[in-house]
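Structure record follows, encoded as structure tokens.
Rule-based calculations on the coordinates, nothing more; no lab input. As the structure is a prediction and not an experimental result, all values here were calculated from the model. Cβ placement follows ideal geometry from the backbone for every residue including glycine, while neighbour counts extend to all protein chains displayed.
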Amino acid sequence: MTLRLKLIILYAALLTVIILMFGTITFAAIRSIWIESVDQTLRETVNLVINNSTSALVGDFSGPRTIQVQLPPLDTFRASGVMVQAWQTDEEEAPKFVVSSANLRDYSNPLDPNTLGASELIYSNVITSNGTELRVLTAPVSLTGRDAVFGSVQAAVSLHTVNVATSKLAVIMVVGGAIGVGISIFLGAWLSHQALEPIGAIIQAADSISTAEDLRTRLPEQRHMDELGMLTTVLNRMLKRIEDLFSVQQRFVADVSHELRTPLTVIQGNLEMIERYGLEPELMEAVKDETGRMARLVIDLLLLARADYGGMKLDLIAVDLDTILVDVYHEGHILIKNRDLSLILGSIEPARVMGNPDRLKQLVLNLVGNAIKFTPDGGTITLSLQVSRRNAYLSVCDTGVGISAEDQKHIFDRFYQTDTSRTHAKHDGSGLGLSIAQWIANAHDGKLTVKSTLGEGTTFTVILPLMQASDSDEADADKTVTHLFARPRLPLPRRRKTPEAQQE
Ligand code: ADP
């Protein structure tokens, strides 16, 4: 059963119950008001009769007694349609008819035989032999000053008019109610159709997306930002996320297969050579190099893939950037061991940021590694750290080959390598280093910028927000983590002079 049908049935059922309840209460109230007005007329008539008649007991104490009731001219009641009878009652004898109004001249039976002789006012409904329903009021008649009842006055009114009116009212209510329910069901169906139509469109669109397996398709945006508009937006956002994750996965697989093909081919070729000519140290060296390159590549790719999936959470603690810079400075000297390069520290200011020390070090090492790779012998690489009121500026400046303005637009793209780097003799990069460096900077709410002039050199600057007082409160609250990762501050080495400066 569709939601729409359920809504209509529920709506119709509720409305029918409400109309039935309301109709029954209204019907009963109106009928009782009419009956009450009839009763009022009967009461007034009976009072009039009793007040305007004289009654007397005739006979001796020992002999039979008779009541004599002198009714006022009973035709007075003809106009009002009230019929009146007076009866003498006695416990031992059958009731005796005394007198009746002119409109009952041919009728000598009691109006209601059951209530004759009652000692109090009694209202009753009686059906006559010709099927007419009468409302009868029986009132006791007693001698003035005595309690004993010796007669009854009965007044009656036909309920024909009331019954006709109430049955007409019932018909009107049933027909009106049915028409009302019908109109409401029609309106409800129309309204629910209007309200649920966009859901139908959403279902159709979602179905076509799943059958076409085209994750680029989006649900048609709704004109109004009501619940359905919000649902559409949320579903579209979800589709975008799924599409992104899917394309990341596809790109990852494509990247991995593409990038691993070259080293695997080289390894395979070298192994075949070893098989054919025996173990040569150069061949073994080449296999080792390619295996190492492949291992680095896989690590980089995994890191980027995890970052893309959003599943990589960085534990942030208070980090002294100057300490990291000095660490990298020391490691950099190992890297330039066989090169004629100067790695020096420029102006260094203490800077503390909220960050992940391992990732930040990886970032700076990537930049320094590139600077070493792309700076010809005799060049200089300068590491510096400056602070402004809000940010720390960590730069790696080299006097290397430089990057053209066109290449600068793409160097942060994955696997992008400039022609210079491709032709560079000792270059073993994969074009992922800067993508990773940029991701790390962004993950720290910072950014990585480049300034370069072809043939003159390049400066990469990492801009990171300095740690604020509020950050330090948070870091203090989690001292275990802070202690676990915090490193002792190394003494800053004195600014190292370039070989030329040293000669001077
Ligand atoms: P990889 O170094 O592994 O090739 P990167 O993503 O680190 O990949 O760098 C992308 C490209 O940017 C490099 O191939 C190189 O062409 C260029 N590049 C990066 N750093 C420098 C630099 N300091 N000097 C000149 N070119 C650079």
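Relative to the compact-globule scaling 2.2 N^0.38 Å, provide the ratio for the alpha-carbon radius of gyration of the range 1-55.
2.35
Each label point is 7 Å from the Cα along the Cα-to-Cβ direction; what then is the distance between the points at His193 and Asn114, in nm?
Here the modelled spin labels are 5.6 nm apart.
Contact order normalised by length for the range 90-198, with contacts defined as Cα pairs under 8 Å and 6 or more residues apart; what percent is it?
17
May I ask you to derive the FRET efficiency for Lys337 and Arg237 from their Cβ-Cβ distance with R0 = 45 Å, giving the value to the nearest 0.05?
On the way: r = 52 Å, r/R0 = 1.15.
Efficiency computed from Cβ-Cβ geometry: 0.30.
Contour minus end-to-end for His160 and Leu260, with contour as 0.36 nm per residue of separation and end-to-end as the Cα-Cα distance?
Additional length available on full extension: 25.7 nm.
Hey, got a sec? Which GluC sites (Glu not before Pro) in the range 211-294 land in a DSSP loop and have at most 12 other Cβ atoms within 10 Å? Intermediate results must be reported in sequence, preceding the final value.
Details: sites: Glu213, Glu221, Glu227, Glu243, Glu259, Glu272, Glu275, Glu282, Glu285, Glu290; in loops: Glu213, Glu221.
Of the GluC sites (Glu not before Pro), the ones in loops of the range 211-294 whose Cβ has at most 12 other Cβ atoms within 10 Å are Glu213, Glu221.
Give me the one-decimal nm value for the distance between modelled label points at Asn52 and Ser37, 7 Å along each residue's Cα-to-Cβ direction.
Taking the simple label geometry, Asn52 and Ser37 are separated by 2.3 nm.
How much FRET efficiency would the formula 1/(1 + (r/R0)^6) give for Tyr107 and Leu14, where r is the Cβ-Cβ distance and R0 is 35 Å, rounded to 0.05?
The formula returns an efficiency of 0.10 here.
Tell me which residues come under 5 Å, amide H to amide H, from Leu343 once H is placed; ignore anything under 5 positions away on its chain.
Ile381
Packing-wise, with mean Cβ within 10 Å as the measure, how do 346-354, 152-160 rank, highest first?
Those peptides, ordered most packed to least, come out 152-160, 346-354.
Pairwise over distinct Cα atoms, reciprocal of the mean inverse distance: report the Kirkwood radius of the range 267-328 in Å, one decimal place.
Result for the range 267-328, one decimal place: 15.2 Å.
Past the 19 angstrom mark, what percentage of all C-alpha to C-alpha distances in the range 311-432 do you count?
52
Apply the Debye scattering formula to the range 199-299, with a single equal point scatterer on each alpha-carbon and no solvent, then give log10 I(q)/I(0) at q = 0.10, 0.11, 0.12, 0.25 Å⁻¹.
Debye curve over Cα of the range 199-299, log10 I(q)/I(0) at q = 0.10, 0.11, 0.12, 0.25 Å⁻¹: -0.52, -0.56, -0.59, -1.20.
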